[in-house]
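> Below is one structure. I have some questions about it.
The values are calculated or read from the model by the stated rules, or taken from the named source; none is laboratory data. Just so we're clear, the structure is a prediction, and the values are computed from it rather than from any experiment. Reconstructed Cβ throughout: ideal geometry from the backbone, glycine too, with neighbour counts over all protein chains shown.
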Amino acid sequence: FGLPTEDRFGMPFADFQKFQANESFADFFKMNIGNTFIRAGAILREGRIFKVLGIFLIGLWAGRKILNENILNNTKLLKKIALWGILFGLPISTIRTFIEFYGGPQDYWEFLKVTTYALGTVPLAMGIASLLAILYFKTPSAFTIFAPVGKLALSNYMFQTFIAVIIFYGIGFGFTGKFGFTIIMIIAICIFAFQVLMSKLWLKYFRFGPFEWIWRQLTYGKYLKIRNKKTTEVGIPIKPHF
């Protein structure tokens, strides 16, 4: 569409950042549509298809182990995965971060970036997941607060996208490029804390999140009631109307 793309797609980041401040809805959507097609090349270049397929296979293996062998009760194995996953994945991910900020546009930097990303992300993720599993079995009550957020994962994901667009793009407040990592992290924590509270409140009255509700209906091919069988506004159960 003749509009700028991100630097990894061939356009200097400064130009892309400037365009993000554009207040035109039409240009905003044209830019995103164009980048959607261009991004396909980046996904192939990064080998993400193979990485994601590998993660799916690991997830399939882990799921069968959880169901058939109750692997989550094997604390010894979880500790090994946590230890080696973090020891192996964290240094490589740190190197990848260094390359991301200080590497150049040369092909060997791109190769190192893709390689360290592939080798560091999965072990680190498995290590952190195993560590969380261990902590969950020791203090399960500490994690129950996050259950509603997980049940509304898709809706919360879409909500985060909407909020980020409003905060950072020109069609909203236009704060892109004006905050450092510390401020962005604080914003992210505040948004997530808000979602924790709202998810719990939402599930008091509804069975699914709005996007989960749509997705389930498309999956099952039939209408599903979204409200709980009994909801209350003043402490008196009422029958929902559809």
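> Does Ala26 qualify as being over 19 Å from the mean Cα position of the chain (by Cα), at pLDDT 75 or above, surrounded by 14 or more Cβ atoms within 10 Å (Cβ to Cβ) and assigned to a helix (DSSP H, G or I)?
No: the conditions fail for Ala26.
> Something else about it: In segment 43-57, what residues are loosely packed, with under 13 Cβ neighbours inside 10 Å and without any contact (Cβ under 8 Å) to a residue 60 or more places away in the chain?
Ile43, Leu44, Ile49, Phe50, Val52, Leu53, Phe56, Leu57
> If a residue must be within 18 Å of Trp61 (Cβ to Cβ), touching a residue at least 40 places away in the same chain (Cβ under 8 Å) and crowded, with 17+ Cβ neighbours inside 10 Å, how many such residues does segment 84-123 contain?
Qualifying residue count, segment 84-123: 2.
> Could you list all residues from segment 142-159 that are in a helix (DSSP H, G or I), among the aromatic types (Phe, Trp, Tyr) and surrounded by fewer than 16 Cβ atoms within 10 Å (Cβ to Cβ)?
Residues satisfying the conditions are Phe146, Tyr157.
> Also: Please go through segment 160-176 and pick out each residue that is within 28 Å of Ser93 (Cα to Cα) and surrounded by fewer than 13 Cβ atoms within 10 Å (Cβ to Cβ).
Of everything in segment 160-176, just one residue is within 28 Å of Ser93 (Cα to Cα) and surrounded by fewer than 13 Cβ atoms within 10 Å (Cβ to Cβ), namely Thr161.
> Of (1) at pLDDT 75 or above; (2) outside the structural domain of Gly104 (by TED's automatic domain parsing), Gly34 satisfies all except one. Which?
Unmet for Gly34, out of (1) at pLDDT 75 or above; (2) outside the structural domain of Gly104 (by TED's automatic domain parsing): (1).
> Moving to a separate point now. I'm told Met126 meets every condition in (1) under 30 Å from Phe29 (Cα atoms); (2) within 22 Å of the chain's Cα centre (by Cα); (3) touching a residue at least 60 places away in the same chain (Cβ under 8 Å) except one. Can you identify the failing condition by its number?
(1)
> Would it be correct to say that Ile66 is among the β-branched types (Val, Ile, Thr) and at pLDDT 90 or above?
Criteria not met by Ile66.
Residue-wise test of (1) of a type in the set (Asp, Glu); (2) closer than 16 Å to Ala129 by Cβ.
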site	(1), (2)
Ile55	no, yes
Ile58	no, yes
Ile66	no, yes
Glu69	yes, no
Gly85	no, yes
Ile92	no, no
Trp109	no, no
Lys113	no, no
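> Can you tell me which residue is surrounded by the fewest Cβ atoms within 10 Å (Cβ to Cβ) among those in segment 177-205 that are assigned to a helix (DSSP H, G or I) and of a type in the set (Gly, Ala, Ser)?
Per the criteria, the residue is Ala193.
> All but one of (1) surrounded by 13 or more Cβ atoms within 10 Å (Cβ to Cβ); (2) at pLDDT 85 or above hold for Leu60, so report the exception by its number.
It is condition (1) that Leu60 fails.
> Of all the residues that make up segment 206-242, how many are of a type in the set (Phe, Trp, Tyr), modelled with pLDDT of 90 or more and not in a helix (DSSP H, G or I)?
Residues that pass the stated criteria total 3.
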